[in-house]
Amino acid sequence: MRIFLLIMAVWLSLITPVLADSGFTQADRDRMIRLETRFEDMDKRFEQISIILYILSGIFTAMFTAIFGFAWWDRRSILLQAREEARIVFKPHEERRQDYEERVNKITELLRQVAEKMPELKELMHQLNLL
């Protein structure tokens, strides 16, 4: 008898879920369809946002490249102009410097000739590495 009751209990526990109503109604189906459409709309919005982000990153890259290129070009042109102006300004000084070098060389040569006659001067010029 116990075995019979045990078999009946197992059999009823297996059959009861099959006989029970699934609980999925037409309202549940409509709700699922609305949720799916909302998710599709959200997917479209995310795609739009990602496209906008790609466009913004492209704009930013183009602006950065343009600004960097302009700064590089401007610096190069300013440096070329500054070099040319420096050449113009220092050209008279360069001629004067060459004139001074010639004078110093003549004075050094004169001192060497005098140093051959004066041993003290010759010694001093050796100490200063002028001979």
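Only one of the numbered conditions (1) basic (Lys, Arg); (2) modelled with pLDDT under 85; (3) under 32 Å from the mean Cα position of the chain (by Cα) is not met by Arg75, and that is (2). Out of curiosity, is Gln81 in a helix (DSSP H, G or I), modelled with pLDDT of 85 or more and either of a type in the set (Val, Ile, Thr) or over 30 Å from Leu130 (Cα atoms) (or both)? Here the answer is yes, as Gln81 does meet what is asked. Applying the condition of being among the charged types (D, E, K, R) and surrounded by fewer than 10 Cβ atoms within 10 Å (Cβ to Cβ) to segment 1-28 and asking which residue is modelled with the highest pLDDT yields Arg2.
The values are calculated or read from the model by the stated rules, or taken from the named source; none is laboratory data. None of the values given here were measured: they were computed from a predicted structure. Positions of Cβ are backbone-derived with ideal geometry, glycine not excepted, and every protein chain shown enters the neighbour counts.
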